[in-house]
Amino acid sequence: MSTRTIQGQKNLQNINQASKDGIGGSPLRPDGTLKVKGEFAYSSDMWHEDMLWGMALRSPHPRANILSVDISEALKLPGVYAVLTHQDIPGSKFYGLEIQDQPALAIDKVRYHGEAIALVAADHPETARRAVKKIKVEYEVLTPIVTEEQCLDPETHGYVHEPHEFKSHGYGNICHEQKLVSGLGVTDEVRALADVVISGDYEVGMQDQAFLGPESGLAVPAEDGGIDLYIATQWLHVDRQQMAPVLGLPEEKVRLTLAGVGGAFGGREDISMQIHACLLAQHTGKPVKIVYARDESFYGHVHRHPAKMHYEHGVTRDGKLVFADCRIVLDGGAYASASPAVVGNAASLGHGPYVIPNVKMHAIALYSNNPSCGAMRGFGAVQAAFGYESQMDKLAEALGMDPVEFRQLNAMAEGDHMPTGQQIDSPAPVAELLQRVKDMPLPPPLDLDNLDIRAVPGALSNTSHGEGIVRGVGYSVGIKNVGFSEGFDDYSTARVRLEVIGGEPVAMVHTAMAEVGQGGVTVHAQIARTELGVEQVTIHPANTEVGSAGSTSASRQTYMTGGAVKLAAEAVKQALITKGRRRYGWTQNDIDLVAGKVVSESAGVLVSMVDLLGDEAIDLTREHHHRPTVPFDKETGQGFGHVQYTFCANRAVVDVDVELGLVKVVELTAVQDVGKALNPLSVVGQIQGGCTQALGLAVMEEIIVKDGKVRNASFTDYLIPTILDTPPIPVEILELPDPNAPYGLRGVGEAPTVSATPSIVAAIRQATGIALTRIPVRPEHLTGTL
Amino acid sequence: MRITFTANGKPVEADDVWEGESLLYVLRERVGLPGSKNACEQGECGSCTVYLDGTPVCSCLVAAGQVQDREVRTVEGLAEENGELGLVQQAFIDAGAVQCGFCTPGLLVQTDALLDRDDQPSDNDIREALSGNLCRCTGYEKIMDAVRLASARKCAGKGVSE
């Protein structure tokens, strides 16, 4: 022992240093090389000998009865292997994330434009397209139920789902609702306490996730009667849970492996082509690949809920908020998807990161014949933030106060309570975030003498050489919850294996986490390096052979599955140290794993991990559960409903061509508290990406729906920000640890998408003086031609 | 129909090609080069960008028959001959410009073409050159960093001061 100790102390200086590629470092992505070589296998790249192409027939009507479906002509087409309708489904005909209200293929009626009615499998995508066109459907077209007024008067306009059909927490055409009252609520007596009362109506358009990798996957029938699906998704296990009953299979016979995912942003939380590809594979006995074209992608996934919101705020003359009342109506479209959770977020977060003594809230999601809406980055919180931040600017203006100072005066902090009664029990640096974003240097004014038209509104369209351009600056801050809320135990599982490979200790991390681009795989390897003191870490392909990792959504994956990897790695570490104690009789309590060695702070290097492990592998699986939450009370909205809160503040600088109504965002600054940046490069990338999607919602992105019909299902007509539309995005990160979270981290991905949109609209208002109440802001809103 | 063309320096041949197929489809489904991506298939997103006789094009907008006897270079052909990553590829990894990576192949080809034309582009030059390539993950900041890094490395390699 003593010899080893002396030797160890000599070496300790070299090894005390933790791996630079552990947590807090920015090692490069493990999948980066494959991705830049074009060799990373995305779901649409899947290929199998003898595979068929699947395609769906979709409804051209938002609401209709299906009188008949004739597939005979389609079946006659050479190269067609199967044409299926709901009658061919072997198991349950319905599925859904929270409420099983959606038929896998339409049964007797269609409820939205684009609903799948029949499926074709053929030997070439063009054959499949032609076969789809040969399916004859006789419709009785009905007037779609699309406005709030129509939805709320089902006796006159009808039910999207008949009253005897799927009941959620709502009634009639209300899919879900949540009320909330805190303090004294909002009564005439409470209103009388305020010196200034400001109200406003706000509207948010329907945004699309517009991930670039289309919905796609390959279903391969297996010899055991089961099925293997290679799929781009956000949550393998919840896909399987919804698929198996429809396929008439036990869950263990439905095996999913994550294929490369080309972005997600919430749009892959629901089933798209998973069930369809598997039904065709079951029916034909052949592998079936489905790849959506972009228009089908717009029809085939849920979108961000459009919202109509009414806010009323009261303040004292010296700027303290007295009360806030709000009604939020979210259009959930034909099927429930994540609507209940969206309502819960809107209701609980809809008053923003402010201390308000008296609050009322009523949030509802409607069933309608519009496209289904569900998860998109920041859901529920994004819509509300546009409302409450618009109100904050109006209040500040009415009081003659600086908008940032007004927000700071009312900002919540650690120890304060949410309107739900939940105490904020970790840092909530709302005022500090605002101060920091305000203190960042402003970009220089437009240099009219050396104008590059590419940097002004209209850019390459050559619409202005500086004339008519006005600059504006706007601020905002937002709040988002992290993880699944309201009593949901969205645990994550991780398996970590440690063994000697090629004379080196190597850790393998196996989870079912969907890597959708966020960099979770990088972070998992970092956690394993830090906990196990190894350099070499391999990431096992994500599949359903290991337990659920929950969804890659709600800013939760590093917190939850990262936390599971930490737990599993800690267990492996303890098992290894216990093995050493048994073999060598170590008694020290300061034993750690560093740089491939078992070391003791007091006794130095004890043994190399290679020697201690020998031929043995330590292979352990752990589940990570976050602290329990409870559902919100249905009437009062009270309850410890959220796991963690996250905050971001933004400043937007815009140039507006006030004659043409064109907007150029000049700079979009973000300051966010991330608790602990496990990978700073990825964290900044998440914040910049989140800000850019917020920019899209502010000035560009909307699915135009008229009488229930989607009018712009393409990247020609649905515009997402290009590199010319996107400004520099300076980011400042705060790291104030949350004692409840692994490493103190705070979920990152959504907060900037919540907070950035209102700052851009505020900047446009400042430049133009126009009270903008609807997003996206369009040229006609700015030129008075609407 | 049968088409023959050169892909990344090698002769390739595809049989039974339907006349309506795009170059993108032939690359991805018939000749084993799925690196070029199928995000919109209508020339809006740029993720299928390849060189056709040295000019970057959206391969989804090129009919398969149009490439008969011509030269195509895809993302799979951007690495060095010894198999090492090309300068632009390495810069995208180093700068953190790759998240989901679906836009990456098209951006790499377009950036390669930009730096061929002008190895010291201004920020506005970069934005103009890449304005036909959509990215939904990064907010483009790290892509700007990657192009600046590739430019600096290219100039350093040539002994040109920045």
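The values are calculated or read from the model by the stated rules, or taken from the named source; none is laboratory data. All figures in this text were calculated on a predicted structure; none of them were measured in a lab. Ideal geometry is used to build each Cβ from the backbone, glycine not excepted, and the neighbour counts take in all protein chains shown.
Of all residues in the range A:323-357, count the ones that are polar (S, T, N, Q), over 25 Å from A:Pro429 (Cβ atoms) and touching a Ser or Thr at 6+ places or on another chain (Cβ under 7 Å). Lay out the reasoning, then the answer.
Narrowing the range A:323-357 to residues polar (S, T, N, Q): A:337, A:339, A:345, A:348.
Narrowing further to those that are over 25 Å from A:Pro429 (Cβ atoms): A:337, A:339.
Going one step further and asking which of them are touching a Ser or Thr at 6+ places or on another chain (Cβ under 7 Å), we end up with A:337.
Number satisfying all stated conditions: 1.
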Self-check item: Selection count, the range A:452-497, where residues are surrounded by fewer than 23 Cβ atoms within 10 Å (Cβ to Cβ), touching an Asp or Glu at 6+ places or on another chain (Cβ under 6 Å), charged (D, E, K, R) and under 28 Å from A:Ser348 (Cα atoms)
Solution: 0
Exercise. Given the conditions (1) in the same structural domain as B:Pro11 (by TED's automatic domain parsing); (2) out of contact with any Cys (no Cβ under 8 Å at 6 or more places or on another chain), report the number of the one that B:Ser131 does not fulfil.
Key: (1)
Self-check item: Subset of the range A:741-764 (residues that are of a type outside the set (A, V, I, L, M) and either in contact with a strand residue (DSSP E or B) (Cβ under 7 Å, 6 or more places away or on another chain) or modelled with pLDDT under 95 (or both))
Solution: A:Arg746, A:Gly747, A:Glu750, A:Pro752, A:Ser755, A:Thr757, A:Pro758, A:Ser759
Quiz item: So is A:Ala346 closer than 17 Å to A:Asn481 by Cα, small (Gly, Ala, Ser) and buried (at least 24 other Cβ atoms within 10 Å of the Cβ) or not?
Solution: yes
Quiz prompt | Number of the condition not met by A:Asp318 [criteria: (1) under 23 Å from A:Val197 (Cβ atoms); (2) out of contact with any strand residue (DSSP E or B) (no Cβ under 8 Å at 6 or more places or on another chain); (3) assigned to a helix (DSSP H, G or I)] | solution = (3)
Self-check item: Which listed residue, of A:Ala56, A:Ala18, A:Ala82, A:Ala74, is surrounded by 13 or more Cβ atoms within 10 Å (Cβ to Cβ), touching a helix residue (DSSP H, G or I) at 6+ places or on another chain (Cβ under 7 Å) and at pLDDT below 95
Solution: A:Ala18
Quiz item: Of all the strands (runs of 3 or more DSSP E) wholly in the range B:1-97, which have at least 1 residues that are out of contact with any Phe, Trp or Tyr (no Cβ under 9 Å at 6 or more places or on another chain), more than 10 Å from chain A (Cβ to nearest Cβ) and surrounded by fewer than 18 Cβ atoms within 10 Å (Cβ to Cβ)?
Solution: B:3-7, B:10-14, B:55-58
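Pick from A:Leu612, A:Leu681: which is within 13 Å of chain B (Cβ to nearest Cβ) and surrounded by fewer than 24 Cβ atoms within 10 Å (Cβ to Cβ)? I'd like the intermediate steps shown before the answer.
Details: A:Leu612 fails: within 13 Å of chain B (Cβ to nearest Cβ).
A:Leu681 is the lone residue from the list that is within 13 Å of chain B (Cβ to nearest Cβ) and surrounded by fewer than 24 Cβ atoms within 10 Å (Cβ to Cβ).
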Quiz item: Can we say B:Lys154 is in contact (Cβ under 8 Å) with a residue 40 or more places away in the chain and more than 13 Å from chain A (Cβ to nearest Cβ)?
Solution: yes
Self-check item: Among the candidates A:Glu432, A:Glu389, residue that is buried (at least 19 other Cβ atoms within 10 Å of the Cβ), more than 21 Å from A:Gly639 (Cα to Cα) and either in the same structural domain as A:Val710 (by TED's automatic domain parsing) or of a type in the set (Ser, Thr, Tyr) (or both)
Solution: A:Glu432
Quiz item: What is the residue count in the range A:124-160 for residues that are in contact (Cβ under 8 Å) with a residue 40 or more places away in the chain, among the small types (Gly, Ala, Ser) and away from chain B (no Cβ under 14 Å)?
Solution: 1
Exercise. Test B:Ser131 against the criterion of being polar (S, T, N, Q) and more than 10 Å from chain A (Cβ to nearest Cβ), and give yes or no.
Key: no
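Condition check ((1) at the interface with another protein chain (Cβ under 8 Å from one of its Cβ atoms); (2) farther than 20 Å from A:Gln686 by Cβ; (3) part of a helix (DSSP H, G or I)) across all residues:
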{"position": "B:Gln99", "(1), (2), (3)": "yes, no, no"}
{"position": "B:Leu115", "(1), (2), (3)": "no, yes, yes"}
{"position": "B:Gln120", "(1), (2), (3)": "no, yes, no"}
{"position": "B:Asp125", "(1), (2), (3)": "no, yes, yes"}
{"position": "B:Arg148", "(1), (2), (3)": "no, yes, yes"}
Quiz prompt | Single unsatisfied condition, A:Gly604 versus (1) surrounded by fewer than 15 Cβ atoms within 10 Å (Cβ to Cβ); (2) farther than 30 Å from A:Val343 by Cβ | solution = (1)
Practice problem: Looking for whichever is under 20 Å from A:Ala549 (Cα atoms), within 14 Å of another protein chain (Cβ to nearest Cβ) and of a type in the set (Phe, Trp, Tyr) here; the options are A:Phe265, A:Phe211. Which one fits? | Solution: A:Phe265
Quiz item: Quick check: is even one residue across the range A:697-716 in contact (Cβ under 8 Å) with a residue 24 or more places away in the chain, within 10 Å of another protein chain (Cβ to nearest Cβ) and aliphatic (A, V, I, L, M)?
Solution: no
Quiz item: Of all residues in the range A:754-786, how many are part of a strand (DSSP E or B) and buried (at least 24 other Cβ atoms within 10 Å of the Cβ)?
Solution: 1
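Of all residues in the range A:228-243, count the ones that are within 18 Å of A:Pro541 (Cα to Cα) and more than 14 Å from every other protein chain (Cβ to nearest Cβ).
We begin by selecting, within the range A:228-243, every residue within 18 Å of A:Pro541 (Cα to Cα); these are A:228-240.
With more than 14 Å from every other protein chain (Cβ to nearest Cβ) added as a condition, the list becomes A:228-229, A:231, A:235-240.
Total satisfying the criteria: 9.
From A:Arg130, A:Arg111, grab the single residue that is closer than 21 Å to A:Ala713 by Cα, surrounded by 20 or more Cβ atoms within 10 Å (Cβ to Cβ) and assigned by TED's automatic domain parsing to the domain that holds A:Gly226.
Details: A:Arg130 fails: surrounded by 20 or more Cβ atoms within 10 Å (Cβ to Cβ).
Answer to the selection: A:Arg111.
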Quiz prompt | Selection count, the range A:28-81, where residues are more than 10 Å from chain B (Cβ to nearest Cβ) and part of a helix (DSSP H, G or I) | solution = 6
Quiz item: Inside the range A:360-444, counting only helices (runs of 4 or more DSSP H) that do not spill past its ends, which hold 2 or more residues that are of a type in the set (Phe, Trp, Tyr)?
Solution: A:381-399
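Test A:Ile723 against the stated conditions and say whether it is within 25 Å of A:Val658 (Cα to Cα), more than 21 Å from the chain's Cα centre (by Cα) and not in a helix (DSSP H, G or I). Don't jump to the end; show me each part of the working.
Values: within 25 Å of A:Val658 (Cα to Cα): yes; more than 21 Å from the chain's Cα centre (by Cα): yes; not in a helix (DSSP H, G or I): yes.
Answer is yes for this residue.
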